[in-house]
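Only the coordinates and a few stated rules stand behind these numbers; no lab work does. Quick caveat: nothing in here was measured; it's all calculated off a predicted structure. Quick reminder, even Gly has a Cβ in these numbers, built from the backbone with ideal geometry, and neighbours come from all protein chains shown.
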Amino acid sequence: MDDVHIRKLRAEDSLDQLTLLLNRAYQRLVDLGFNYTASYQDVQTTAERIQHGECYVAVLDGRIVGTVNVELTGRTNPPWVRGRRDVAYASQLGVDPDVRHRGLGAKLMDVAEERARQAGFKYIAGDTSEGADYLLKFYGGRGYEVMAHHQWEGKTYRSVVLVKKL
């Protein structure tokens, strides 16, 4: 994936394109029975979810094919993370199904973790369904450990809060 460029989301980037990417990327989880917001969110929700963080995108041939959002403010839910000034929070990691299994998710998380490290955070956290085995394996392989559980309102699954020391 040498032809993929990872950078911050720019004002001229299409939130429509980013939203469609997230919808497509999370469809695999819907197929497993999990109603992740990213699988059905609209453009307004995408804008709201990225406004308190730094959104990074992976671009291939002018098309957004991956993304991750990194919050560096300490305001994010779930409760284990909220208000902690030593924990950055990664969310909305998504890779277009057409380019999966090429290491792009790992590269996006590398960027998120490095950005958190540069900003002086001691930890980075995220959450996913406790039933999303392939994601738990992915994060576990990167050194993330389960620190808490959380039930998001309206979700068909319980989440695990995953944390990695930077």
(request) Would you mind ranking 147, 109 so that the residue whose beta carbon has the fewest other beta carbons within 10 Å leads the list? (result) 147, 109
(request) Just report the Cα centroid separation between the stretch 25-73 and the stretch 84-124, whole Å. (result) 12
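Sorted from fewest to most neighbouring beta carbons within 10 Å, what does the list 72, 136, 108 look like?
Fewest to most other Cβ atoms nearby, the residues stand as 136, 72, 108.
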(request) Go ahead and estimate [θ] at 222 nm for the chain from helices alone: -39,500 (n - 2.57) per DSSP H run with n ≥ 4, summed, over the residue count, rounded to 500. (result) -8500 deg cm²/dmol
(request) Starting from the stretch 60-166, pick out the GluC sites (Glu not before Pro) whose DSSP state is loop and whose Cβ has at most 10 other Cβ atoms within 10 Å. (result) 153
(request) Work out the length of the dipole vector of the stretch 5-165 about its Cα centre, built from +1 on the beta-carbon of each Lys and Arg and -1 on the beta-carbon of each Asp and Glu, and round it to the nearest 20 debye. (result) 520
(request) Provide the net charge surrounding residue 62, with neighbours chosen by a C-beta distance below 12 Å and charges set as Lys +1, Arg +1, Asp -1, Glu -1. (result) -3
(message) So if each residue of separation counts as 0.36 nm, and I subtract the Cα-Cα distance between residue 149 and residue 98, what length gain in nm does that give?
(response) 15.2 nm
(request) Please report, in Å, the Rg and the Dmax of the stretch 5-165, where both are computed over Cα atoms only. (result) 14.5, 39
(message) Could you tell me the calculated FRET efficiency between residue 156 and residue 51, based on Cβ-Cβ distance and R0 = 22 angstrom, to the nearest 0.05?
(response) 0.25
(request) Apply 1/(1 + (r/R0)^6) to the Cβ-Cβ distance of residue 40 and residue 142, taking R0 = 25 Å, and write down the FRET efficiency to the nearest 0.05. (result) 0.40
(request) Provide the descending list of Cα extents for the stretch 78-135 along its principal axes, expressed in whole angstroms. (result) 37, 27, 14
(request) At q = 0.11, 0.16, 0.21 Å⁻¹, work out log10 I(q)/I(0) for the stretch 16-84 with the Debye formula, treating every Cα as an identical point scatterer and leaving solvent out; two decimals please. (result) -0.30, -0.63, -0.98
